[in-house]
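Written out below as structure tokens is the structure these notes cover.
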Amino acid sequence: MNKPLRNPEIVWRVEKRRQAEVLKALEEGNDVDDSGTVILLQSGMMHQLNLVGGLIWQQCDGQQSLADIAGELAKEFSVEQAEVEADVAEFVADLAERGWLING
Amino acid sequence: MAETTQMFSAPLTFNWTLSYRCNFTCDHCYSRDEQCPELAIDDVKRIVDILVEQQVPFINFGGGEPLIRKDLFEIAEYASKRGLNVSMNTNGWLLDEAAAQRLKDVGFKSVGISIDSAEAALHDAFRNMPGSYEKAVRGLDALHKVGLKSTMSSVISRINYRAFRELLDLARGHGVGQVYLHNFKCSGRGFKNREDLDLAPDEWQAFYLEALSVKHQTNDLKISFDDPVIASLPEYQEKTIVKGSSCGKLSLHLRPNGDITPCGFIPVVVGNILKEDFETIWFDSPVLKAMRAKEATGKCSGCGAFDDCQGGCTARAFATTGDFNQPDPHCWK
């Protein structure tokens with residue numbers, strides 16, 4: 001999957017207030033891996049993505065390649081793109097297997 | 001992936017009563033005796049704009065009978081074009097094939113029809129409307145024919161709790177994919193007729209055990225419950241988004257004049273969406289805060305199920321005692 005696209009059947013939104021809290025907690029050096037900032041709703045079930053997952057999800061518009069997404073993420077967290085490429089690919093593959101992402 | 005569930009930025013669903021007017025007088029209706037001025041369409045659209053701004057994804061029109069309001073189609077089209085997922089519940093009386101096609105054309109994602117018994121005479125008597133069963137079933141067929149997703153809603157009460165399998169078969173025969181077996185609320189006419197319609201706690205327990213067993217054996221139909229008290233049963237395995245009642249946590253209710261209540265069955269106004277800042281209502285309302293942080297009282301104190309059921313249905317506790325924190329009168333523990 002080179003240009004992942006969010007499955008249009010999934011209703012989702014950024015939890016704005018929670019995202020602001022998570023960003024603040026991150027700045028303070030806290031672990032925020034288990035804190036959801038984006039919610040996905042499908043067939044009455046809700047799933048949550050954490051800050052990093054949520055940022056990747058928001059980039060999955062069917063226009064951007066995995067490399068583009070990794071580049072955006074690297075910029076957001078001020079790290080080298082090579083450091084996040086494998087994680088992005090793994091995350092996208094996981095969501096694709098669940099049917100939440102499709103080929104764009 | 002994340003695990004924690006905290007306070008949501010806004011409700012996921014607004015249950016929206018555009019009008020309390022109805023062509024039926026059902027025995028269990030929570031709203032038949034309600035009176036409230038209705039908003040003009042410009043104000044209704046202003047509310048849609050607020051919901052879009054707040055990123056509320058779902059609205060569900062109820063009532064009253066939504067199809068009584070002639071501008072329902074225009075309202076729904078405006079909302080769906082603005083990105084909201086629109087659905088409604090209707091008694092089906094006005095839902096012929098032409099109406100079903102219009103509902104589809106204006107963007108409805110699904111339409112639910114209320115049917116209380118698979119026996120026409122029993123349904124008609126409960127709804128106090130001869131011919132209502134036939135028209136409700138015709139409505140299901142019309143939705144199926146035009147390709148609009150249909151659901152069926154059945155409020156479980158003394159008239160149907162032993163015959164819910166027949167309701168499921170009825171749904172299967174008319175292209176319905178999901179059946180909601182709603183819990184009986186003690187609001188409005190439902191409160192007045194409680195003695196005749198409500199089950200005893202041990203009957204609720206027996207019903208849910210049986211219905212859960214059927215659900216676990218059913219693959220061709222989605223069977224849904226909305227009763228928080230069911231979470232106290234070990235047989236109930238579903239992962240719900242929140243514990244206890246969803247009202248005030250995942251959903252809110254709009255009255256025809258823009259007043260907000262936690263749900264349609266709790267007649268406590270927490271603000272008006274056109275006159276007050278929505279985020280202030282959602283985050284700071286003392287009523288909503290109390291509903292989100294219920295305290296175990298009475299037999300809930302020390303009960304091992306409280307973490308899962310949160311005292312059961314808040315609306316039912318409030319209707320019968322005037323206190324959110326009292327145990328749900330349906331609880332069998």
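Pop out the ³J(HN,Hα) list for region B:137-149 in order, Karplus 6.51 cos²θ - 1.76 cosθ + 1.60 with θ = phi - 60°, rounded to Hz; leave Gly and Pro as x.
Karplus-based 3J(HN,Hα) across region B:137-149 equals 5, 4, x, 4, 5, 5, 4, 4, 5, 8, x, 9, 4 Hz.
Residue by residue through A:33-42, how many Cβ atoms from other chains fall within 10 Å of the Cβ on average? Write out the running numbers ahead of the final one.
Numbers: counts 3, 4, 4, 6, 2, 1, 7, 0, 6, 0.
Partner Cβ neighbours, averaged per residue: 3.
Computed FRET efficiency, Cβ-Cβ of A:ASP34 and B:ASN272, R0 45 Å: what is it to the nearest 0.05? Don't jump to the answer; show the numbers that get you there.
Working: r = 37 Å, r/R0 = 0.83.
Efficiency, rounded to the nearest 0.05: 0.75.
Ordered by residue, what ³J(HN,Hα) values in Hz, to whole numbers, does region B:7-18 give under the Karplus form 6.51 cos²θ - 1.76 cosθ + 1.60, where θ = phi - 60° and Gly and Pro are x?
5, 7, 5, 6, x, 7, 9, 10, 8, 10, 8, 6
In this model, which of B:LYS45/B:LYS222; A:LYS16/B:LYS145; B:LYS135/B:LYS243; B:LYS135/B:LYS222; B:LYS70/B:LYS149; A:LYS16/B:LYS239 are farther than 29 Å apart at the alpha-carbon?
Numbers: B:LYS45/B:LYS222 33 Å; A:LYS16/B:LYS145 41 Å; B:LYS135/B:LYS243 37 Å; B:LYS135/B:LYS222 23 Å; B:LYS70/B:LYS149 22 Å; A:LYS16/B:LYS239 24 Å.
Correct reply: B:LYS45/B:LYS222; A:LYS16/B:LYS145; B:LYS135/B:LYS243.
Calculate the spin-label point distance for A:SER78 paired with B:ASP226, positioning each point 7 Å from the Cα along the beta-carbon direction, and give it in nanometres.
Placing both labels 7 Å along Cα→Cβ, they lie 4.9 nm apart.
Among the GluC sites (Glu not before Pro) within region B:47-81, which fall in a DSSP loop and have no more than 11 other Cβ atoms within 10 Å of their own Cβ? Mind dumping the intermediate values first?
On the way: sites: B:GLU53, B:GLU74, B:GLU77; in loops: none.
For GluC sites (Glu not before Pro) across region B:47-81 that sit outside H, G, I, E and B with at most 11 neighbouring Cβ atoms in 10 Å, the list is empty.
If I measure Cβ to Cβ between cysteines in the protein assembly as shown, which ones have no partner under 4.7 Å?
A:CYS60, B:CYS22, B:CYS36, B:CYS186, B:CYS300, B:CYS303, B:CYS309, B:CYS313, B:CYS331
Between rounded, prolate and oblate, where does region B:220-333 land on the alpha carbon gyration tensor, with a ≥ b ≥ c its root eigenvalues, rounded for a/c under 1.5, else prolate if a/b exceeds b/c? Walk me through the intermediate numbers first.
Numbers: a/c = 2.13, a/b = 1.53, b/c = 1.39.
Prolate, since a/c reaches 1.5 and a/b exceeds b/c.
List every residue whose amide H lies under 5 Å from the amide H of B:GLU65, counting only residues 5 or more places away in sequence or on a different chain, with H placed 1.01 Å from N in the peptide plane.
Sorted by chain and number, the residues that satisfy this are B:ARG21, B:CYS22, B:ASN23.
Modelling each spin label as a point 7 Å along the Cα-to-Cβ direction, I'd like the B:GLU235/A:ALA20 distance in nm, to one decimal.
Inter-label distance under the simple model: 4.7 nm.
In nm, to one decimal, how far is the A:GLU97 label point from the B:LYS299 one, both placed 7 Å along Cα→Cβ?
4.6
Would you calculate, for chain A, the mean residue ellipticity at 222 nm contributed by helices, counting each DSSP H stretch of 4 or more residues as -39,500 (n - 2.57) and dividing by all residues, to the nearest 500?
Numbers: 4 runs with 50 residues, N = 104.
The per-residue figure over chain A is -15000 deg cm²/dmol.
Can you give the average number of partner chain beta-carbon atoms within 10 Å of each beta-carbon in peptide B:85-97, as a whole number? Display every interim value, and only then the final one.
Numbers: counts 2, 0, 0, 0, 0, 0, 0, 0, 0, 0, 0, 0, 0.
Average neighbour count from other chains, rounded to a whole number: 0.
For region B:42-175, what class follows from the C-alpha gyration tensor (a ≥ b ≥ c being the square roots of its eigenvalues): rounded when a/c is under 1.5, otherwise prolate if a/b is larger than b/c, else oblate? Present the calculation step by step, with values, prior to reporting the outcome.
Numbers: a/c = 2.11, a/b = 1.93, b/c = 1.09.
Prolate.
Quick one: Karplus J couplings for region B:291-304, per residue in order, coefficients 6.51, -1.76, 1.60, θ = phi - 60°, nearest Hz, x for Gly and Pro?
6, 7, 10, 5, 10, 5, 10, x, 6, 6, 4, x, 6, x
Given R₀ = 35 Å, FRET efficiency for B:GLU134-B:THR218 by Cβ-Cβ distance, to 0.05?
Working: r = 26 Å, r/R0 = 0.75.
After rounding to 0.05, the efficiency reads 0.85.
If you take every DSSP beta bridge whose two residues both sit in the protein assembly as shown, what share of them, in percent to the nearest 5, is antiparallel? Don't skip to the answer; put the middle values down first.
Values: 18 of 52 bridges.
The antiparallel fraction comes to roughly 35 percent.
Per DSSP H run of n ≥ 4, the term is -39500 (n - 2.57); total these for chain B, divide by its residue number, and report the mean residue ellipticity at 222 nm rounded to 500 deg cm²/dmol.
Working: 13 runs with 113 residues, N = 333.
Per the formula, -9500 deg cm²/dmol.
Going by a ≥ b ≥ c, the root eigenvalues of the Cα gyration tensor, does the protein assembly as shown fall in the rounded group (a/c under 1.5), the prolate group (a/b larger than b/c) or the oblate group? Kindly include the intermediate steps, with their values, before the conclusion.
On the way: a/c = 1.66, a/b = 1.45, b/c = 1.14.
Cα axes put the protein assembly as shown in the prolate bin.
State the Cα centre-to-centre distance between region B:181-234 and region B:235-288 in whole Å.
Comparing the Cα centres of region B:181-234 and region B:235-288, I get a distance of 22 Å.
Taken together, the values in this text are just the output of simple stated rules run on the coordinates, not laboratory data. Since this is a predicted model, take the numbers as computed values, not measurements. Positions of Cβ are backbone-derived with ideal geometry, glycine not excepted, and every protein chain shown enters the neighbour counts.
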